[in-house]
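Note sheet for the following structure.
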Amino acid sequence: MSKHRSIDVHELRPFGSNLRRPECVVATREAVFVPDWSGGVTQIAWDGSQQTVLPRRSHVNLRPNGIALCPDGSFLLANLGEEGGVWRLPRNGDLEPFLTEVDGVPLPPANFVITDASGRTWISVSTRARPRHRAWRPDHRDGFVVVVDEAGARIAAEGLHYTNEVRPDPAGSWLYVVETFAKRLSRFRITPAGELRARETVATLGAGCFPDGFEFDRDGAIWLTSLISNRLLRVADGDVQTILEDVNFPFVHAAEQAFAEGRLAPEHLGPIPGTTLQQLTSIAFAGPDGRTVMLGSLHATCLYRFRADVPGAAAV
């Protein structure tokens, strides 16, 4: 599989404005959607116009992290707020719970949510630890994945090392899972009954690479973002290529040392001095031809975009 050209950070162009923690990017041919940290979802059209959908009335402390666009136009929100769970937000703002417990136990703050072509919904929970940064350790493995289908909601995989984005491959045969603080991308075989089996390691990353979000391109390669080092990687045929990097090396070194010593803290995932990308978290292929790459982050107030040589895989 051919390599993609490298992208210089100066090629990046902003998209959107005044965004509040655009951690996750979901794209269609017509628009791009990002979570709004005040509790909703912002839609950005190609002409640059923006519209934010917020709950009309809510007692829930919503901190949407991952978002999913449903067939009826509503959104699923993976809530990092203290109430946790996954919530449905229609365009009219009438918020309702989608999933707030599994096996009779309240669902902790949820990281990511996605619905696949079979109608299953996959949810990642990074940790049960409170506060969450207690799990930012080399030896803490209490993340899990929930599946919701016609049989109900259940835990499909657990004992994961800080579960982040999860996503079925385009064929729907495997569920790929980011384990951020294992610096690893894993995958599980999806059975016809929606069970996860035969776990495999797809890629293990090196120093400074703490993976977060990913997408597939049309050629089957995986584009993977990295926190802390602000790297965009492309994984293909066992090879890991750096497509883009916006690295503050002293910042990365300090975070790596803290991680090795078991004292990684919120400041290590805070704003990064001297960089354009601010804790790179998410990628989506957007636009009519699927070749516009959109990048989301924890601390920027816009998305950043560039043109890729290859389009993304067809979206569900």
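The values are calculated or read from the model by the stated rules, or taken from the named source; none is laboratory data. Treat the numbers as computed from the prediction; the structure is a model and nothing was measured. No Cβ is skipped: glycine too gets one built from the backbone with ideal geometry, and neighbour counts run over all protein chains shown. When the accessible area is computed, the model is the full protein with side chains, heavy atoms only, and any ligands, DNA or RNA have been set aside. Shrake-Rupley method; radii C 1.70, N 1.55, O 1.52, S 1.80 Å.
So Ala314 passes all but one of these: (1) open to solvent by less than 70 Å² (accessible area, probe 1.4 Å); (2) within 29 Å of Gly172 (Cβ to Cβ). Which condition number does it fail?
(1)
Out of all the residues in segment 137-160, is one or more within 20 Å of Val247 (Cβ to Cβ) and surrounded by 19 or more Cβ atoms within 10 Å (Cβ to Cβ)?
So far as segment 137-160 goes, no, none of its residues is within 20 Å of Val247 (Cβ to Cβ) and surrounded by 19 or more Cβ atoms within 10 Å (Cβ to Cβ).
How many of the residues in segment 121-136 are open to solvent by less than 30 Å² (accessible area, probe 1.4 Å) and either over 24 Å from Asp169 (Cβ atoms) or not hydroxyl-bearing (Ser, Thr, Tyr) (or both)?
7
Can you tell me which residues in segment 267-287 are within 16 Å of the chain's Cα centre (by Cα) and part of a loop (DSSP other than H, G, I, E, B)?
Leu277, Gln278, Gln279, listed by residue number.
So which residues in segment 225-239 are part of a strand (DSSP E or B) and open to solvent by less than 60 Å² (accessible area, probe 1.4 Å), if there are any at all?
Thr225, Ser226, Leu227, Ile228, Arg231, Leu232, Leu233, Arg234, Val235, Ala236
Here are Pro211, Pro271: which of them is modelled with pLDDT of 95 or more and touching a His at 6+ places or on another chain (Cβ under 6 Å)?
Pro271
So Glu165 clears everything in (1) open to solvent by 50 Å² or more (accessible area, probe 1.4 Å); (2) among the charged types (D, E, K, R); (3) under 29 Å from Arg263 (Cα atoms); (4) not in a loop (DSSP other than H, G, I, E, B) except one condition, right? Which one?
(1)
For segment 179-202, check the following and say yes or no: at least one residue is out of contact with any His (no Cβ under 8 Å at 6 or more places or on another chain), within 25 Å of Arg5 (Cα to Cα), hydrophobic (A, V, I, L, M, F, W, C) and open to solvent by 10 Å² or more (accessible area, probe 1.4 Å).
yes
Every residue in segment 251-273 that is touching a residue at least 60 places away in the same chain (Cβ under 8 Å), closer than 17 Å to Leu298 by Cα and open to solvent by 40 Å² or more (accessible area, probe 1.4 Å), please.
Of everything in segment 251-273, just one residue is touching a residue at least 60 places away in the same chain (Cβ under 8 Å), closer than 17 Å to Leu298 by Cα and open to solvent by 40 Å² or more (accessible area, probe 1.4 Å), namely Pro266.
For segment 10-55, which residues satisfy the criterion of being in a strand (DSSP E or B), in contact (Cβ under 8 Å) with a residue 60 or more places away in the chain and surrounded by 22 or more Cβ atoms within 10 Å (Cβ to Cβ)?
Val26, Ala27, Val32, Val34, Ile44 - these are the residues of segment 10-55 that are in a strand (DSSP E or B), in contact (Cβ under 8 Å) with a residue 60 or more places away in the chain and surrounded by 22 or more Cβ atoms within 10 Å (Cβ to Cβ).
Pairs, please: C-beta under 6 Å, at least 6 apart or cross-chain, first residue free of Cβ contacts under 8 Å to residues at least 60 places away in the same chain and on the phi > 0 side of the Ramachandran plot and in segment 145-174, second assigned to a loop (DSSP other than H, G, I, E, B) and of a type in the set (A, V, I, L, M, F, W, C)?
Gly172/Ala117
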